[in-house]
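The values are calculated or read from the model by the stated rules, or taken from the named source; none is laboratory data. Not measured: the values here are computed from a predicted model. Please note: Cβ atoms are built from the backbone with ideal geometry, for glycine as well, and neighbour counts cover all protein chains shown. What goes into the accessible areas is simple: the full protein's heavy atoms, side chains included, and nothing from ligands, DNA or RNA. Shrake-Rupley method; radii C 1.70, N 1.55, O 1.52, S 1.80 Å.
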Amino acid sequence: MDEQFYIEHYMWMNYGQGICLVSRPRLNDYDKNMLFGGYSLTTSNCKVGSSLTLLFLSFISLSSREAESFKEQGNAYYIKKDYSEAFNYYTKAIDMCPKNASYYGNRAATLMMLSRHREALEDSQQAVRLDDTFMKGHLREGKCHLSLGNAMAASRCFHRVLELEPDNSQAQQEVKNADSVLEYEKMAELGFEKHDFRMVVFCMDRALESASACHRFKVLKAECLAMLGRYPEAQSVASDILRMDATNGDALYVRGLCLYYEDCIDKAVQFFVQALRMAPDHEKARLACRNAKALKAKKEDGNKAFKDGNYDAAYELYSEALTIDPNNIKTNAKLFCNRGTVGSKLKKIDQAIEDCTKAVKLDETYIKAYLRRAQCYMDKEEYDEAVRDYEKVYQTEKTKEHKHLLKNAQLELKKSKRKDYYKVLGVDKNATEDEIKKAYRKRALMGNKTLNLVQKEEEKKFKEVGEAFTVLSDPKKKSRYDSGHDLEDDTGNVGDFDANNIFKAFFGGGGGQGYSFEANQSSGPGNFFFQFG
């Protein structure tokens, strides 16, 4: 020990119960007021070799042995992995001998095991200040820097170890680790600029293997997870940081970002405001807060216009809201669906389908968008597509309502595969019996008031007209047809009818009067012609 150091930094104190050694910097006002007959060891009254100095040095020797005892006990607890107790005993050793570099080095190692890397960094730096040749001190300082994400500072410390011991294998490996962290950091920066967020997450995961206590890397990873829509993971990373540092503005920003992207805008704004309170210059938090407020206001204005029946204004407001933040997937999915609903009200069915398709591309779980698109397909009589959407909905949410919608779409699909007798006759589905008869009369006469031979195409059309009339003129058959039942299962082949009889029923005949509709035997089976009687 440096005898002169103790002379300059310690003093004897007499509290009436004997003398004791006290560190000068530890004296408080109370101690000074209680000092009776104190003997201050200074160069003026305590010369090296004096009796008082010899007594003092004996005490120093005793203090050193006691400090070593504390260190040994700390080592024992460290081996047992009881790092809290090890920390306590190393602290006692330092209090007894504050100029011993190894004690700081040991406490630094303990603090690293307790994940208190910043405190460990301070102790390791103090150790190398006391002894610049202390290799373990440099090595631990480098590890602390690396754990905290400062790879360049870490590399300098490891190279210092190699200066002291060129063959130190641990330092050689740590230099490689530091270089890897620097490389991953550069790759992540480039990936972020290109919006390759998966690459950033990959790089940060690799970097965090060496820089496990780096909040900067963790925040960057969390932000990119949020950009990828992996909100629970991002929230978890940000929450872990805030448990250790509740004032971390970056972590508060990421928490707000996750809520913002999950369309919890009010809560998100609260976190953005808190982040700005902790870090007033946080530009990302400021921009996100502004976008969140603007998006909420524009969406609410669109909703109000829609409720008021002002569909054109609602359509424009939703369109403006969609330009605010393309990265907000969930909110934009809702905006596309809302605009699709407005489009269907404005009879812009194709535009409505397109908007709903954009919504489900952004959020594949968005049931409302599937339902809206399915209804648009039903309106366009594109039943195959409607059935696919309703099946997707029913697989996700097996409710009675969704089951009913699916069955109805399936029925309409089945009906669409049959001949549409209403279209054959050119009437509406709600046509009256008289309208059906008039339509049949018109179709039957169309193009057939000549003596010319009826071609196959005309024959086919006339048969379809007869079938249509046979079904739609019979209330029971019409009801079953409208309900989607297969009429051939109950009544035989609907196409087997006497065309001549139906024709005569409308236009007269028999006894050589009116028209006749007969088979032409010479022309082969299935050929018919009209002639006047």
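Condition check ((1) outside any helix (DSSP H, G or I); (2) modelled with pLDDT of 95 or more; (3) not charged (D, E, K, R)) across all residues:
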{"position": "301", "(1), (2), (3)": "no, yes, no"}
{"position": "320", "(1), (2), (3)": "no, yes, no"}
{"position": "330", "(1), (2), (3)": "no, no, no"}
{"position": "336", "(1), (2), (3)": "no, yes, yes"}
{"position": "347", "(1), (2), (3)": "yes, no, no"}
{"position": "351", "(1), (2), (3)": "no, yes, yes"}
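Here are the criteria: (1) farther than 23 Å from residue 402 by Cβ; (2) open to solvent by 40 Å² or more (accessible area, probe 1.4 Å); (3) not in a helix (DSSP H, G or I). Tell me which single one residue 325 does not satisfy.
With (1) farther than 23 Å from residue 402 by Cβ; (2) open to solvent by 40 Å² or more (accessible area, probe 1.4 Å); (3) not in a helix (DSSP H, G or I) applied to residue 325, the lone miss is (2).
Here is a yes/no grid of residues against (1) touching a residue at least 60 places away in the same chain (Cβ under 8 Å); (2) among the acidic types (Asp, Glu); (3) open to solvent by less than 30 Å² (accessible area, probe 1.4 Å):
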position: 121; (1), (2), (3): no, no, yes
position: 124; (1), (2), (3): no, no, yes
position: 131; (1), (2), (3): no, yes, no
position: 137; (1), (2), (3): no, no, yes
position: 140; (1), (2), (3): no, no, no
position: 149; (1), (2), (3): yes, no, yes
position: 156; (1), (2), (3): no, no, no
position: 167; (1), (2), (3): no, yes, no
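Could you grab the pairs with beta carbons closer than 9 Å, sequence gap of 6+ or different chains, first residue in segment 61-81 and under 14 Å from residue 98 (Cβ atoms) and assigned to a helix (DSSP H, G or I), second one open to solvent by less than 80 Å² (accessible area, probe 1.4 Å) and among the charged types (D, E, K, R)?
Once the first residue is under 14 Å from residue 98 (Cβ atoms) and assigned to a helix (DSSP H, G or I) and sits in segment 61-81, its partners that are open to solvent by less than 80 Å² (accessible area, probe 1.4 Å) and among the charged types (D, E, K, R) give 67/95; 70/95.
When you go through 148, 130, 164, 208 one by one, which is the residue that is among the aliphatic types (A, V, I, L, M), over 30 Å from the mean Cα position of the chain (by Cα) and within 21 Å of residue 112 (Cα to Cα)?
Values: 148 fails: over 30 Å from the mean Cα position of the chain (by Cα); 164 fails: within 21 Å of residue 112 (Cα to Cα); 208 fails: over 30 Å from the mean Cα position of the chain (by Cα).
Among 148, 130, 164, 208, only 130 is among the aliphatic types (A, V, I, L, M), over 30 Å from the mean Cα position of the chain (by Cα) and within 21 Å of residue 112 (Cα to Cα).
Got a number for residues in segment 262-288 being in contact (Cβ under 8 Å) with a residue 24 or more places away in the chain and open to solvent by less than 80 Å² (accessible area, probe 1.4 Å)?
Count: 11.
Would you point out which residue out of 163, 209 is open to solvent by 60 Å² or more (accessible area, probe 1.4 Å) and more than 21 Å from residue 111 (Cβ to Cβ)?
Values: 209 fails: more than 21 Å from residue 111 (Cβ to Cβ).
On inspection, the qualifying residue turns out to be 163.
With the checklist (1) over 30 Å from residue 350 (Cα atoms); (2) at pLDDT 95 or above; (3) aliphatic (A, V, I, L, M) in hand, flag the one item residue 374 doesn't pass.
(1)
When segment 239-257 is examined, which residues are found to be of a type outside the set (Gly, Ala, Ser), open to solvent by less than 60 Å² (accessible area, probe 1.4 Å) and either more than 11 Å from residue 279 (Cα to Cα) or in the same structural domain as residue 116 (by the TED database) (or both)?
If we filter segment 239-257 for residues that are of a type outside the set (Gly, Ala, Ser), which is where we start, we get 240-245, 247-248, 250, 252-255, 257.
Add one more test, that the residue is open to solvent by less than 60 Å² (accessible area, probe 1.4 Å), and what stays is 241-242, 245, 248, 252-255, 257.
Result: 241, 242, 245, 254, 255, 257.
Among the residues of segment 183-196, which ones are under 18 Å from residue 156 (Cα atoms) and exposed (fewer than 15 other Cβ atoms within 10 Å of the Cβ)?
Keep residues of segment 183-196 that are under 18 Å from residue 156 (Cα atoms), which gives 183, 185.
Answer for segment 183-196, where residues must be under 18 Å from residue 156 (Cα atoms) and exposed (fewer than 15 other Cβ atoms within 10 Å of the Cβ): just 183.
Counting only residues that are open to solvent by less than 20 Å² (accessible area, probe 1.4 Å) and touching an Asp or Glu at 6+ places or on another chain (Cβ under 6 Å), which one in segment 329-342 is farthest from residue 292 (Cα to Cα)?
340
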